[in-house]
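In what follows, a structure is listed as structure tokens, so that the remarks can point back to it.
The values are calculated or read from the model by the stated rules, or taken from the named source; none is laboratory data. All values reported here derive from a predicted model rather than from experimental measurement. Cβ coordinates were reconstructed from backbone atoms using ideal geometry, including for glycine residues, and neighbour counts include every protein chain displayed.
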């Protein structure tokens, strides 16, 4: 693991329970507040219609460390999806960051020197689904965020793994090769 924490990227996918649209696919950037990730983090304080960024908080007055900004990957067009983003997804992301501090994935001594940007997926069908399982949505986002942070800080997958798997693994949506 790099001790400079200049720029680390990671992603993970955790699939939903059967019948749910709650797959989680966070894309994470972690870096020092005084580096390129910190500059991008500060620039995200401006709002963009449909892509409102917000801090990951565990509850009011409980901003997590490292400071974490969550941004939806899709345009949030209605209050129901915004409520999911600022509720279940925000909570799951915040808890995952704190859990990474607890388990040592993120060293506590650098927590105030780092920041995280997390692009998160909310399937637009979730808010309209009468059978939406918020616990499953929390589970997928929590697990995927923890895994994405771990992968980012461990530079996973490695270059060697990518090269070894070049002709063995295909994109999940690949129907063209």
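Just to verify a result, which residue in segment 103-112, among those that are assigned to a helix (DSSP H, G or I) and in contact with a helix residue (DSSP H, G or I) (Cβ under 9 Å, 6 or more places away or on another chain), is surrounded by the fewest Cβ atoms within 10 Å (Cβ to Cβ)?
Here the residue is 108.
For segment 118-160, enumerate the residues that are surrounded by 22 or more Cβ atoms within 10 Å (Cβ to Cβ), modelled with pLDDT of 95 or more and not in a helix (DSSP H, G or I).
Across segment 118-160, the qualifying residues are 118, 120.
Across segment 1-52, what is the total count of residues that are closer than 17 Å to residue 86 by Cα, touching a strand residue (DSSP E or B) at 6+ places or on another chain (Cβ under 6 Å) and buried (at least 18 other Cβ atoms within 10 Å of the Cβ)?
2
Restricting attention to segment 59-68, report how many residues are under 25 Å from residue 135 (Cβ atoms) and under 15 Å from the mean Cα position of the chain (by Cα).
Final tally of qualifying residues: 2.
Based on what the data block shows, is residue 39 more than 15 Å from residue 126 (Cβ to Cβ), out of contact with any helix residue (DSSP H, G or I) (no Cβ under 9 Å at 6 or more places or on another chain) and at pLDDT 95 or above?
yes
Residues being touching a helix residue (DSSP H, G or I) at 6+ places or on another chain (Cβ under 6 Å) and either in a strand (DSSP E or B) or at pLDDT 95 or above (or both): count how many of those fall in segment 57-68.
Of the residues in that region, 5 qualify.
Output yes when any residue across segment 163-175 is touching a helix residue (DSSP H, G or I) at 6+ places or on another chain (Cβ under 6 Å) and part of a helix (DSSP H, G or I), and no when none is.
The answer is no, given that none of the residues of segment 163-175 is touching a helix residue (DSSP H, G or I) at 6+ places or on another chain (Cβ under 6 Å) and part of a helix (DSSP H, G or I).
Given the condition assigned to a loop (DSSP other than H, G, I, E, B) and under 18 Å from the mean Cα position of the chain (by Cα), answer yes or no: does some residue in segment 78-96 qualify?
no
Does residue 149 satisfy being over 14 Å from the mean Cα position of the chain (by Cα) and either closer than 16 Å to residue 64 by Cβ or in contact (Cβ under 8 Å) with a residue 40 or more places away in the chain (or both)?
So residue 149 fails the test.
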